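Notes for the one structure printed next.
The values are calculated or read from the model by the stated rules, or taken from the named source; none is laboratory data. What you are looking at is a predicted structure, and each value in this text was computed from that prediction instead of being measured. Quick reminder, even Gly has a Cβ in these numbers, built from the backbone with ideal geometry, and neighbours come from all protein chains shown.
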Amino acid sequence: MSSNAAIELKHITKTFGSIVANKDVSLTVRRGEILSILGENGSGKTTLMNMISGIYFPDSGQIFIDGKEVVIKSPRDAFDYKIGMIHQHFKLVDVFSATENIVLGLNDGKFNIKESAVKVKALADKYGFEIDPAKKIYDMSVSEKQTVEILKVLYRGADILILDEPTAVLTPQETSKLFDVLRKMKEDGKSIIIITHKLHEVLSLSDYVAVLRKGEYIGTVKTSETNESELTEMMVGKKIDLNIKREKPVNPVDRLVVKGLNCVNREGVKVLNNVSFTVRSGEILGIAGIAGSGQRELLEAIAGLQHLEDGDIFYNNPKTNHVDNLRDKTPVQIRELGVRLSFVPEDRLGMGLVGNMDIIDNMMLRSYKKGVSPFLERKTPKELAEKIIESLEVVTPSAQTPVRRLSGGNVQKVLVGREIAATPTVLMVAYPVRGLDINSSYMIYDLLNEQKEKGTAVVFVGEDLDVLIALCDRIIVIGGGTITGEVVGTEAKKEEIGLLMTKSSGGAKDE
């Protein structure tokens with residue numbers, strides 16, 4: 001038993017039916033240290049952390065806190081042992097202030113809001129958080145909401161903190177501030193566990209890295225003595241080339257010319273404000289921006305799914321050499337011209353795939369036309385489904401498996417694979433690697449580069465600025481529904497893009 005251990009897990013096993021999520025995992029988290037947990041999708045990272053935080057209960061094994069064996073059956077038990085988990089999707093009441101959210105559920109609902117606000121401000125100042133205790137959640141940025149979630153567990157006395165993908169939607173500047181705060185918490189003796197896919201962040205922040213693969217514990221390494229290649233090999237079980245190739249565009253032609261788009265959402269908020277840019281064949285155009293800055297509305301406007309107040313979208317059709325204005329087209333007409341949208345939202349089954357249908361039937365959704373035939377031909381969709389399963393390593397019992405039974409990452413592969421298989425002239429992908437492990441992510445990057453080499457105009461909306469810079473030929477930045485700048489991929493700097501992302505704050509709300 002380690003004398004400095006905050007938490008020790010001994011031989012933890014957890015199953016869900018026939019699926020083994022964690023198998024005989026033993027792991028140590030020390031006081032005053034930051035531990036990163038790495039692993040591919042389905043490796044058991046979140047399940048393991050959910051057992052520490054009281055959401056799941058292990059089938060077998062032991063948990064020790066400060067050398068004493070404990071039983072954690074609920075989140076309340078976890079709080080009693082000073083464990084707090086900050087989830088990727090925030091659990092806040094929008095109409096309440098920061099202070100009200102932080103004290104919600106404490107002292108049987110009896111508290112003095114002014115006194116509580118003073119305590120919240122003192123706690124924030126201690127660790128370097130910037131927060132207005134009286135500010136309403138609906139007026140906050142993503143990073144401010146995250147700050148409230150962290151303060152909520154600190155206010156309850158947590159000294160062991162678990163953060164699930166904490167930088168997924170933060171700008172580089174916000175990420176840097178968060179890391180400064182976490183380092184101060186570490187100096188104060190807190191134990192911090194971070195689940196993340198971003199290897200460069202792991203190497204810059206954590207003291208140790210623990211790796212899981214297919215539910216089993218592979219090992220823990222000292223961060224100062226490892227590198228991205230070694231960590232990737234531990235996660236995947238084989239060497240992976242971590243370089244994203246970027247060939248120069250060959251004879252690029254203006255494929256889409258977007259001029260002066262203006263769009264107002266159902267709440268009357270202007271989500272696109274005079275947006276203009278050009279997409280060229282044989283190149284990847286990146287779109288960077290804080291979540292909810294108008295990315296969704298922009299892609300949906302091009303695909304004919306969003307009503308426009310004003311503006312034009314000129315499409316240079318390579319088959320006819322004719323220029324069409326897509327603003328006058330229906331979504332079906334736009335798709336038939338070769339413009340494809342593959343959007344991967346939080347709810348992957350909410351757009352483009354039907355959960356109760358199998359993979360083959362989901363392939364047919366894009367090819368079926370009402371009234372063409374009373375009989376549905378399944379041979380071609382079946383071949384396509386099996387090709388996607390093989391090439392993208394989709395984990396599924398068969399092509400006849402309902403999509404809802406697949407993991408989120410595998411649903412994502414089916415969605416992106418189907419759109420790419422349609423050989424589009426313009427391919428728009430939004431967050432195609434969101435939640436995917438590093439091996440699957442690089443598969444998607446390779447597929448996008450293959451489309452680029454075929455002359456497809458690719459539009460890539462992403463969250464990871466390192467990937468945007470490495471993959472894209474040009475990057476436009478959108479803030480509050482307005483284009484705030486454009487940079488060349490080979491010359492771009494993260495800090496420059498981050499400043500452009502926060503340049504305009506009006507317009508769109510957080511997604």
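The residue that is surrounded by the most Cβ atoms within 10 Å (Cβ to Cβ), counting only those in the stretch 174-221 that are touching a Ser or Thr at 6+ places or on another chain (Cβ under 7 Å) and among the polar types (S, T, N, Q), is SER206.
So that you can scan it fast, the table gives a plain yes or no per residue for (1) in contact (Cβ under 8 Å) with a residue 24 or more places away in the chain; (2) out of contact with any helix residue (DSSP H, G or I) (no Cβ under 7 Å at 6 or more places or on another chain); (3) not assigned by TED's automatic domain parsing to the domain that holds GLY455:
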position	(1), (2), (3)
ALA288	yes, no, no
ALA291	yes, no, no
GLU297	yes, yes, no
LEU305	yes, no, no
TYR315	yes, no, no
VAL323	no, yes, no
ASP328	no, yes, no
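Mind listing whichever residues of the stretch 448-462 are out of contact with any strand residue (DSSP E or B) (no Cβ under 6 Å at 6 or more places or on another chain) and buried (at least 21 other Cβ atoms within 10 Å of the Cβ)? Matches in the stretch 448-462: GLY462 only.
Restricted to strands (runs of 3 or more DSSP E) entirely inside the stretch 381-495, those with at least 2 residues that are within 18 Å of the chain's Cα centre (by Cα) and within 19 Å of GLY282 (Cα to Cα) are 426-430, 457-461.
For first residues located in the stretch 60-76 and in the same structural domain as VAL153 (by TED's automatic domain parsing) and surrounded by 12 or more Cβ atoms within 10 Å (Cβ to Cβ), partners that are aromatic (Phe, Trp, Tyr) and assigned to a strand (DSSP E or B) and lie 6+ apart or on another chain with Cβ distances below 9 Å form the pairs VAL70/PHE64. The set of residues in the stretch 420-449 being within 30 Å of PHE314 (Cβ to Cβ) and of a type in the set (Phe, Trp, Tyr) consists of TYR431, TYR445. Restricting to the stretch 1-40, and then to whatever is farther than 21 Å from LEU163 by Cα and of a type in the set (Gly, Ala, Ser), can you tell me which residue is surrounded by the most Cβ atoms within 10 Å (Cβ to Cβ)? It comes out as SER2.
Give the stretch 173-205 a look and list any residue that's of a type in the set (Asp, Glu) and in contact with a strand residue (DSSP E or B) (Cβ under 9 Å, 6 or more places away or on another chain), or say none. If the condition is that a residue be of a type in the set (Asp, Glu) and in contact with a strand residue (DSSP E or B) (Cβ under 9 Å, 6 or more places away or on another chain), then GLU201 is the only one that fits. Looking at ASN227, is it at pLDDT below 90 and closer than 30 Å to ARG474 by Cα? No; evaluated as a whole, the condition is false for this residue. Checking the structure you have, find out if any residue of the stretch 31-54 is over 30 Å from GLU233 (Cα atoms) and among the β-branched types (Val, Ile, Thr). No - not one qualifying residue is present in the stretch 31-54. Counting only strands (runs of 3 or more DSSP E) that sit completely within the stretch 201-265, those holding 3 or more residues that are assigned by TED's automatic domain parsing to the domain that holds LEU305 correspond to 254-264.
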